[in-house]
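Below are the structure tokens for one structure; questions will follow.
The values are calculated or read from the model by the stated rules, or taken from the named source; none is laboratory data. Bear in mind the structure is a predicted one, so any value in this text is a computation, not a measurement. SASA here: full protein model, heavy atoms, side chains in, ligands and nucleic acids out. Shrake-Rupley method; radii C 1.70, N 1.55, O 1.52, S 1.80 Å.
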Amino acid sequence: MVDVIPKYINSPLDILADNLVDLMLSISLKVAHADGKYSDEESARIDQYFVNEWGYCDTFIESRTERFKTNLDAFRYKDLCVELKKLTKLNKDCNYKEMCSDIVRLAEEIAHADGHFCEKEEIEIEYLRRSLLTN
């Protein structure tokens, strides 16, 4: 028998992690689609991040990714940043600056994953950096 992670039991930690994955995955996908092309390398970097660094099951991340990709235009960096600030204020164990630095680092890795760092990706990452780290 295999035990698949995440095992969602509605504890506060599960809810926090679920909310963070939603926010970070939305941001990641927006960056990956910034140049109008979603490469296999960008997709792989996003999957690797959540599977290897967060410990999520790859099928969970893939299904969440598919759900968000159909609605990317609805996500705005400004709104996502506001939600992240709210989430970290409600959860005192979260280090807002560290989380934001990690999000920007991930966005840069995604943008460089396909070997082409275009101006649109650079603009979006800079906007994200300013929105997250200068307030």
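How large a share of the accessible area of region 15-106, in percent, is made up of carbon and sulfur atoms when the probe is 1.4 Å and the other protein chains stay in place?
49 percent
Leaving out ligands and nucleic acids, note down the accessible area per residue over the chain with a 1.4 angstrom probe, in whole Å².
Accessible area per residue, the chain: 59 Å².
If you take log10 I(q)/I(0) by the Debye sum over Cα atoms at q = 0.09, 0.11, 0.14 Å⁻¹ from the coordinates, which of (i) -0.31, -0.45, -0.69; (ii) -0.25, -0.38, -0.62; (iii) -0.35, -0.52, -0.79 do you get?
Correct label, based on the coordinates given: (ii).
Same structure, new question: For the chain, please report how many Lys pairs fall under 24 Å Cα to Cα, leaving out neighbours fewer than 8 apart on the same chain.
23
Please compute the length gained on full extension between GLN48 and GLU122, using 0.36 nm multiplied by the number of residues separating them and subtracting their Cα-Cα distance.
Here the segment from GLN48 to GLU122 would lengthen by 24.5 nm.
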